[in-house]
Amino acid sequence: MGRTVSRFLGRQRIVALDSGALIALSREDVNAAALVAQLRRFGATMVVPAPVLAEVLRGTSRDALVHRVLRVFDAEKPTTAAAARAAGNLLGQSRSDAKRTVDALIIATAVEHGATAVVTQDARDFTALAPRGFAVLGL
């Protein structure tokens, strides 16, 4: 796994977590924890794009598990109008419909904040949307 992870990381070494990855980490999923640990050993910094928060937080006591993971990374990143426009471009270029809007916003927000990869449980959809040079690391 080490060579694979190092190959996907760019010089920036910033990796976004999508909602599936964040939920997996909050449930202490062994595979998700191992991948994130490997990424961190290679010097990666994790970021959480704002649209991920809308997908995972529900204002209930279950949010506590997600907040625990968020505190570890302290890396919530806002989505700007420029990222929203970029997300629209990703949707157009991939010929995706509006159902993929949140995924496109996650990628565009991540890219705007320097990420070169995303950790996801939805690798197929993210791969279809990802710009050239942006790695999709599936769980």
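Residues considered: Asp74, Asp122. Of these, the only one that is under 14 Å from Gly20 (Cβ atoms) and modelled with pLDDT under 95 is Asp122.
Where helices (runs of 4 or more DSSP H) fall wholly inside the stretch 1-55, the ranges with 2 or more residues that are at pLDDT 90 or above are 19-26, 30-41.
Taking the stated definitions as given, is Val72 free of Cβ contacts under 8 Å to residues at least 24 places away in the same chain, assigned to a helix (DSSP H, G or I) and either within 12 Å of the chain's Cα centre (by Cα) or more than 23 Å from Asp125 (Cα to Cα) (or both)? Taking the combined requirement at face value, the residue satisfies it.
Just for the stretch 62-81: of the residues that are charged (D, E, K, R) and under 18 Å from Ala115 (Cα atoms), which one is surrounded by the most Cβ atoms within 10 Å (Cβ to Cβ)? Among them, the one singled out is Lys77. Here Ala110, Ala104, Ala84 are screened, and the one residue that is surrounded by fewer than 20 Cβ atoms within 10 Å (Cβ to Cβ), of a type in the set (Gly, Ala, Ser), modelled with pLDDT of 95 or more and assigned to a helix (DSSP H, G or I) is Ala84.
The values are calculated or read from the model by the stated rules, or taken from the named source; none is laboratory data. Computed from a prediction, not measured in an experiment: that's the story for all the values here. Every residue, glycine among them, receives a Cβ derived from its backbone with ideal geometry; neighbour counts consider all protein chains shown.
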